[in-house]
Protein chains: 2
Amino acid sequence: MHSFSDLSALFNERFSEKQFPATPENLYQATDYFLQIGGKRIRPVLCLLGNELFDEIRPDAWSAATAIELFHNFTLIHDDIMDKAPLRRGVQTVHTRFGDNTALLAGDVMMIQAYHWLSKVSGSYQTSLLQLFNRTATEVCEGQQLDMDFETRVEVAHDEYLNMIKLKTSVLLACALQMGAIIGGAGQRNQELVYSFGLQLGLAFQVQDDYLDAFGDPEKFGKQVGGDILANKKTFLLIHALQCASEKDKQTLLLLLRSNPADKVEKVLAIYKNCGVDQWALSLKQQLLDKALENLEQVAVLSARKVPLRELASYLIQREV
Amino acid sequence: MHSFSDLSALFNERFSEKQFPATPENLYQATDYFLQIGGKRIRPVLCLLGNELFDEIRPDAWSAATAIELFHNFTLIHDDIMDKAPLRRGVQTVHTRFGDNTALLAGDVMMIQAYHWLSKVSGSYQTSLLQLFNRTATEVCEGQQLDMDFETRVEVAHDEYLNMIKLKTSVLLACALQMGAIIGGAGQRNQELVYSFGLQLGLAFQVQDDYLDAFGDPEKFGKQVGGDILANKKTFLLIHALQCASEKDKQTLLLLLRSNPADKVEKVLAIYKNCGVDQWALSLKQQLLDKALENLEQVAVLSARKVPLRELASYLIQREV
């Protein structure tokens, strides 16, 4: 069995091989540029770990993992166009560097390349993988649409936000795990359990992300604290604060959402603390993590096989950065 | 056996059933809007005809045909964004009506829906279909990139343009036919022949399209004659004229490409006629059509089975509009 970091290194080694041909140069320099930026490769490793929970890692799992990582990169390229984001991971986004049109097309061709890897899967489960992948891919697009819809709304209910995050972020983690489990020969019940594990883990991760943006240690967090606040982004924190703050704080918060005073971040954080949003978020994160781990515990394999996934959950969720 | 128009009607009937769920409304009103605009449905019918060349139409062929039509619509939505086109088939494009972001996402989800239909194919040939479809989809993106690349270049060689059209337009027609043939149980040689038939037919169609834009009867053509000339679009005609015109005419043509006098269309057409581009294009179209039909003749099935495809070729290529 392998740890997350072992598999991450092994995956990166394979993934760094050229995915695309050389020409048309204007198209493939954009795809190559984005792939070499790198990333944590969490999703493909989840696929490999999902496989290894049940069996030794099979060649098909590497193909499925590659498909998932390519699909994830496709979503990033297109999301960056939609968000007009100038930077990702500290470097220029594809559309900033190569223009919107080429970025659009680079995303398209990357999604098709994901299906190219799925078509290489040899086992009898190819259709199951394809159907799970398609359903998930559609959900990710739906999540992105909801995210955009929410930008123009003042109030969004907690459950609506939870559902958006589930679609936009969690289902792909869950899908990665289940695809690995399918390739590993898992039965239906075990597949559902690893899927739920991934889903809850993804939600916990987003709660943490929202928390760290407001309350993280700027030095460890690696990006500007309060970025979500300055961008008026809907987060678990903002949505909860609008629900539980005193009427006076709520009105102040709504006013702050329509203005940009120099001390906006401090003022919003003060309201968050007034109504205990920080503690609430930590507790929500823990609940979601517990649910995730409960699902993992119920998977009918030897407990020892679950160690790498438990470790990964701790690494992703307990991290201070 | 069915004619093109029979199958077009039958396909439209099935295809008009709802492809997408109701929510998120902002996403799926965009996809539904575009699909109900309609179209000639040439590609899915080619898939059905490719099947019927070898066997009765199987349920899988309807799935593959639907996948192809969805993929084609995805390319139109994204191409319209890239071209900043306000209208398609006389009505607002998706991005004009719903904004660039939703159009981008509507295209994405439509491509995924194409793969959803491919995943419904039941036969043992699912992997072959998937691989052919993926290769073709990648080529279509490459063709679009080359088309954009050519916009910023003054001169493009005939073979470069031919290759771009092959990728951007012809391979999808060829793929549709071959997918039908695969489902119909055709052997490798017959598959290659119907693929080549589709490829040449697509090129002939584009030559005709370029020709009609310059020399078509405005009343029958249904759109402004000279649109390509006003847009300085690379066409078979322009590329050939730049190669064969007298030095004086060539210089005038290059000057016209950098300016927009009121009589631009007339002047360019006069140069086209001076060097016989009109006759050259008609002859090139005929050569390509002959090549297409030669490939069809070689397909090892009874000649009577080829009647609908021969008729379709005549309908597409001999049309005056």
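The values are calculated or read from the model by the stated rules, or taken from the named source; none is laboratory data. Since the structure is predicted, the reported quantities are computational estimates derived from the model, not experimental observations. Virtual Cβ from ideal backbone geometry, glycine too; neighbours counted across all protein chains shown. The accessibility values were calculated without ligands, DNA or RNA, using every heavy atom of the protein model including side chains. Shrake-Rupley method; radii C 1.70, N 1.55, O 1.52, S 1.80 Å.
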Length gained when the stretch A:Asp6-A:Gln188 is fully extended (0.36 nm per residue, less Cα-Cα span) = 62.7 nm
task = Scan region B:209-275 for trypsin sites (Lys or Arg not before Pro) in coil per DSSP, keeping those whose Cβ has at most 15 other Cβ atoms within 10 Å, and list them by number.
result = B:Lys223, B:Lys233, B:Arg258
task = Name the shape class, rounded, prolate or oblate, that the alpha-carbon gyration tensor gives for region A:173-282, where a ≥ b ≥ c are the square roots of its eigenvalues, rounded holds for a/c under 1.5, and otherwise prolate holds if a/b is larger than b/c and oblate otherwise.
result = prolate
ask   = Per the Debye formula with a single identical scatterer at each Cα and no solvent contribution, what log10 I(q)/I(0) holds for region A:139-221 at q = 0.10, 0.24 Å⁻¹?
value = -0.32, -1.08
request  = Could you pull out every residue, at least 5 positions away or on a different chain, whose amide H is within less than 5 Å of the one on B:Gly99? Hs are placed 1.01 Å off N in the peptide plane, and Pro or chain starts have none.
outcome  = none
task = Would you give the gap between the C-alpha center of region A:170-242 and the C-alpha center of region B:224-300, rounded to a whole Å?
result = 56
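Only Lys, Arg, Asp and Glu count, each charged at its Cβ (+1, +1, -1, -1), so figure out the dipole size of chain A about its Cα centre, rounded to 20 debye.
Values: 32 positive and 40 negative charges, 22 e Å.
So the dipole magnitude of chain A works out to roughly 100 debye.
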message = Among A:Phe20, A:Gly187, A:Leu289, whose Cα projects farthest towards the positive end of the dipole of chain A, with charges put on the beta-carbon of Lys, Arg (+1) and Asp, Glu (-1)?
response = A:Leu289
message = If each label sits 7 angstrom from Cα along the C-beta direction, how far apart, in nm, is B:Asn232 from its counterparts in the other copies?
response = 4.0
Note, ³J(HN,Hα) from phi for region B:268-274, Karplus 6.51, -1.76, 1.60, rounded to Hz, x at Gly and Pro = 5, 4, 4, 5, 3, 5, 3
remark   = Nearest 10, in degrees from 0 to 90: the angle of helix A:126-151 to the longest Cα principal axis of chain A is 20
query = Quick one: helix B:100-118 against the long Cα principal axis of chain B, what's the angle to the nearest 10°, folded into 0 to 90?
reply = 40
note = Highest GNM mean-square fluctuation among B:Asp263, B:Asp79, B:Asp249, for chain B with Cα springs under 10 Å, belongs to B:Asp263
inquiry  = Once neighbouring chains are kept in place and the probe is 1.4 Å, which whole percent of the accessible area of region A:4-312 is contributed by carbon and sulfur?
reply    = 50
query = Between copies, how far does the label point of A:Gln251 sit from its twins, in nm, shortest first, when each point is 7 Å from Cα along Cα→Cβ?
reply = 7.8
remark   = Computed D for chain B, Stokes-Einstein, Kirkwood radius over alpha-carbon pairs, 4 °C, 1.567 mPa s, to the nearest µm² per second, is 63
note = Rounded to the nearest 100 Å², the accessible area buried between B and A, both sides, probe 1.4 Å, is 3200
query = Counting each DSSP H run of 4 or more residues in chain A as -39500 (n - 2.57), what helix-only mean residue ellipticity at 222 nm follows after dividing by all residues, to the nearest 500 deg cm²/dmol?
reply = -23500 deg cm²/dmol
query = With the dipole of chain A worked out from charges on the C-beta (+1 for Lys and Arg, -1 for Asp and Glu) around the Cα centre, which of A:Ile229, A:Leu129, A:Tyr115 lies farthest toward the positive end?
reply = A:Ile229
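Let me spell out the model: positive unit charges on the Cβ of Lys and Arg, negative unit charges on the Cβ of Asp and Glu, origin at the Cα centre of region B:1-186. What dipole size does that give, in debye rounded to 20? Mind showing how you got there, number by number?
Values: 15 positive and 23 negative charges, 69 e Å.
The dipole magnitude comes to about 340 debye.
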Choice from A:Met82, A:Met179, A:Met164 with maximal GNM fluctuation in chain A (Cα, 10 Å cutoff) = A:Met82
inquiry  = Expected output is a single nm value to one decimal: the length gained when fully extending between A:Ser124 and A:Gln286, i.e. 0.36 nm times separation in residues minus the C-alpha distance. What is it?
reply    = 54.5 nm
inquiry  = Along each principal axis of its Cα atoms, how long is region A:229-321 end to end? Whole angstroms, biggest number first, please.
reply    = 55, 24, 17
